[in-house]
1. Find how much the distance from residue 43 to residue 360 grows on full extension, using 0.36 nm per residue of separation minus their present alpha carbon separation; answer in nm with one decimal.
2. Given axes a ≥ b ≥ c from the Cα gyration tensor, I'd like to know whether the range 10-397 is rounded (a/c under 1.5), prolate (a/b larger than b/c) or oblate.
3. In what order do 388, 15 fall by count of nearby beta-carbon atoms within 10 Å, going from fewest to most?
4. I need the shape label for the range 264-398. Rule: rounded when a/c is under 1.5, else prolate if a/b > b/c, else oblate, with a, b, c from the alpha carbon gyration tensor.
5. Which value in deg cm²/dmol, rounded to the nearest 500, describes the helix-derived mean residue ellipticity at 222 nm for the chain, given -39,500 (n - 2.57) per DSSP H run of n ≥ 4 and division by the residue count?
6. Mind checking the dipole of the chain: about its Cα centre, +1 per Lys or Arg Cβ, -1 per Asp or Glu Cβ, Debye to the nearest 20?
7. Run the quick spin-label model on residue 76 and residue 188: label points 7 Å from Cα toward the beta carbon, then report their separation in nm to one decimal.
8. Extension gain residue 380-residue 165, at 0.36 nm per residue separation less the Cα-Cα distance, in nm?
Amino acid sequence: MESVLKKKLVSGKRELYSLGTSHFINDLMTSGIVPALLPLYKYAFDLSYTQAGAILLVSNLTSSVMQPLFGQFTDKNPKTWFLPLGVFLTGLGLAATGFMPTYSLLLVMIAISGLGSGIFHPEASRGAHLAAGEAKGTAQAIFQVGGNFGQAAGPLMIPLFLLATGIKGLGWFALVGLVGVLIIMKIMPWYKQKLRESQNSKKKTIHGKRNLPGLVGLTSVVILRSWTQIGMAAFLPFFYLQNDIPLQLGDLYTFLFLAAGAVGTFFGGKFSDTISHKWLLFGSMFLTIPFAWILPQATGVMAIIILFLFGFFVLSSFAVTVVYGQMMLPNNIGLASGLMIGFGVGAGGIGSTIMGWISDNFGVSLVFDLFVIIPIVASIITLFLPGEKKLMSDAKAT
């Protein structure tokens, strides 16, 4: 089986890894570092928990919730130049936040950075789809694991770099964005050619059938998963600070949680080419529940093990849901990707704002109780999603 998958991926393998690397850089500068920066922003601008959560809300509204709109737009008219432009704006906006004198201007720069990410993702995901051959799950795993490792590496920037430089050290991320642009520019000729081939082949193929009820249910599960994963990444440092654990150590724990999610994304995507998407998604959410329940009481080595398993299972369905969504919306790959990677994941910013309000009024500990309830609801919704056999039979019937 492994050799078969490699043959299916070999034609676009180099480009797929380039897309994964640029995804790493982009997500490092948005969903990776922005949640970890909240304590620094909170201190620098004297913010409440709700205001700190609003930073994530703005970032996610512009970077993620906007993705379906960009995806819908580019499904009809793919814009290859969106790839380098997106990474450039992401780095420029983040770098500028280190030099803003007011909270309002900080939000503006966060919005510009997020907008760049929103522009980048649908086109990059389309590129991964074109490079995949028939091994869609494996291809998405390679592409998405880049973004998830970017998320994981973000918190490491705090103890390794920004605690020494202060938030003005964020200026260096303008150069990081330029590195991402250079990587993208090398694969632009390939991407333009693959788009031409794809557009020509569409005229000769039978279109699949949309499954909108299934898409709504799947998006709901992705939103709930995002509330769990992004909420945990954002409030884990606050939880540990409340328990007299230094910020540096709290950020290392956050890195462990997110790195485990990247590992889970890779293996989940690999297995999704042979295992039912529906039941892999259900297992991912259901197995999250006990670790979310035990985590607040765990300490020492046990806390590290629980964090790793929590992160592994909660994101083991990340690549799967992208492919699953594309099956439910087969003629709108950019829109499906925008919904799964963008709107669904970006709704985590809305959740983080709600969690910030809960923390202000009832304490951070109550937020961790929600991390048990949310996966239970997501598991129940997953049971009502259509399986691949139904989606494929519907496609053949059209």
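1. Numbers: separation 317, 0.36 × 317 = 114.12 nm, distance 1.56 nm.
Stretched out fully, the residue 43 to residue 360 stretch lengthens by 112.6 nm.
2. On the way: a/c = 1.88, a/b = 1.28, b/c = 1.47.
Since a/c reaches 1.5 but b/c is at least a/b, the shape of the range 10-397 is classed as oblate.
3. On the way: 388 14, 15 19.
Exposure proxy ranking, most exposed first: 388, 15.
4. prolate
5. On the way: 18 runs with 304 residues, N = 398.
Helix contribution divided over all residues of the chain: -25500 deg cm²/dmol.
6. Working: 26 positive and 15 negative charges, 372 e Å.
That gives a dipole near 1780 debye.
7. My value for the distance between the label points is 2.5 nm.
8. Working: separation 215, 0.36 × 215 = 77.40 nm, distance 4.62 nm.
Difference between extended and current length: 72.8 nm.
Rule-based calculations on the coordinates, nothing more; no lab input. Every value quoted in this text rests on a predicted model; they were computed, and no experiment measured them. Neighbour counts run over all protein chains shown; Cβ positions are idealised from the backbone, glycine included.
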